[in-house]
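Worksheet: the structure to be examined is printed underneath.
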Amino acid sequence: MSDQVPEVNNPSSDPSCPPAPGLHPSTRAVRAGLSSDPAFGAVVAPVHLSVSYEFTDPSQPGRYDYGRSGNPTRDLFGQAVADLEGGATGCVTASGMGAITTTVMGLLPANGTLLAPSDCYGGTWRLFEALRRTGRIGRIDYVDFSDTAAALAAIATGPDLVWLETPSNPLLRIADLDQLSRAAHASGALVVADNTFASPILQRPIEHGADVVVHSATKYLNGHSDVIAGVVVSADAERGAELAWWANTLGVPAGAFDSYLALRGLRTLHLRVAAAQRNAAAVAELLAGHPAVRAVHYPGLPQHPQHELAARQMDGFGAIVTFELADASAAHAFAEGLRCFCLAESLGGVESLVSLPATMTHAAMSAEAQQAAGITAGMLRLSLGVEETSDLVADVAAGLDRALSAH
């Protein structure tokens, strides 16, 4: 098991994952990892479960030596995501939080300053605060990145790392990737973008200046709610090798079978996102006109404050819809009795889910942090799946009627 910085393969130079210049991202997703088996010519890439790999002699490992440091199946998935994102390298971790931890540990200097979204995912907030509390992060400044003027002012203070989440979780705020990345680089900061909500089918932050992109591959990339994994994509091969070294050192790389399943899921990413996005648009339109609803957060609606920005930097508006009812009792009345939604955390699967951020996905946040983020007790987040649109709309309409009656 080598202590050296592990090799991270560039999909454009790896003969087992031939380049696909000029092909649409949907085609590249379908073709990811196919015809990469040199032993038997299998069309679908095999899963390599071995932990250990033979050395040619005691001082000369082969391309792989130990499963934590490298695995062929894991590398194929990482290469495929890097290709879709337009990055140089892809490092696959055992969870989305593993991807975030690897990125922060690998890029933020000791006692460094982090600029983060005030409305970031609750698990991300918990990690950042824990690292600050234990001295790994010197200072964290939280800002609403959808307020570009406020974000630029915060960037001008000189953070070491600017962490973007766009669309944000759960309020679906949109950050101007181009403008904020330019400002961050001018200030000497690195830019990391969490692209979980959009996926590379709808948005590619590296094209807009981000240095690193992170994913919870548990969500849209895999898409079937049966894998926990993360991916870190680097625009720069040298930085990508450093991040892979951190993942190996921290012990967070994903297993081979999870990587195999995620690669299989990736091939239908464009189909799943397209179907779910159609459902989200229909549900958002219903929500926007219902008297029980106090606010709808969906960038596809013309009244969303960053609608034009989202249309400019994204290829679609995504399949997450967040909305606010009067209070917690109304939210509970809505969620109780739904037929086509599971009351559960996570998102991005083929099945539709509903969650209450205040007590579920963002429960780790303090009350003060939730208030600053704009999370309310009556807020619900819908992850639209690929069910029949009319069934989902009818289910949501019935839930809204229950909420109205409860209030």
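Tabulated data
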read-out	value
Along each principal axis, Cα extent of the chain, largest first, Å	74, 48, 36
In segment 335-407, the trypsin sites (Lys or Arg not before Pro) that fall in loop regions by DSSP, at most 11 other Cβ within 10 Å	Arg339
Helical mean residue ellipticity (222 nm; -39500 (n - 2.57) per DSSP H run of 4+; nearest 500) of the chain	-11500 deg cm²/dmol
0 to 90° range, to nearest 10: angle between helix 177-186 axis and the chain longest Cα axis	60 degrees
Whole-Å distance, taken between Cα centres, linking segment 76-108 and segment 113-149	20 Å
Relative contact order %, the chain, counting alpha carbon pairs below 8 Å whose residues are six or more apart	17 percent
Sequence of Ile320, Ile228 once ranked by neighbouring C-beta atoms within 10 Å, starting from the fewest	Ile228, Ile320
Two-site label geometry, Ala311 and Thr134: point separation in nm, points 7 Å out along Cα→Cβ	4.6 nm
Segment 312-364: chymotrypsin sites (Phe, Trp or Tyr not before Pro) in DSSP coil with no more than 12 other Cβ atoms inside 10 Å	none
Sparse-neighbour loop sites [trypsin sites (Lys or Arg not before Pro); segment 224-314; at most 16 other C-beta within 10 Å; DSSP]	Arg294
Full-stretch length increase - Thr389, Leu271 - with 0.36 nm per residue and alpha-carbon distance subtracted	41.0 nm
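Values quoted throughout were computed directly from the atomic coordinates according to the rules given, and no laboratory measurement underlies them. Keep in mind that what you see is a predicted model, and the values were worked out from it rather than measured. Using ideal geometry, Cβ is built from the backbone for each residue, glycine included, and neighbour counts are taken over all protein chains shown.
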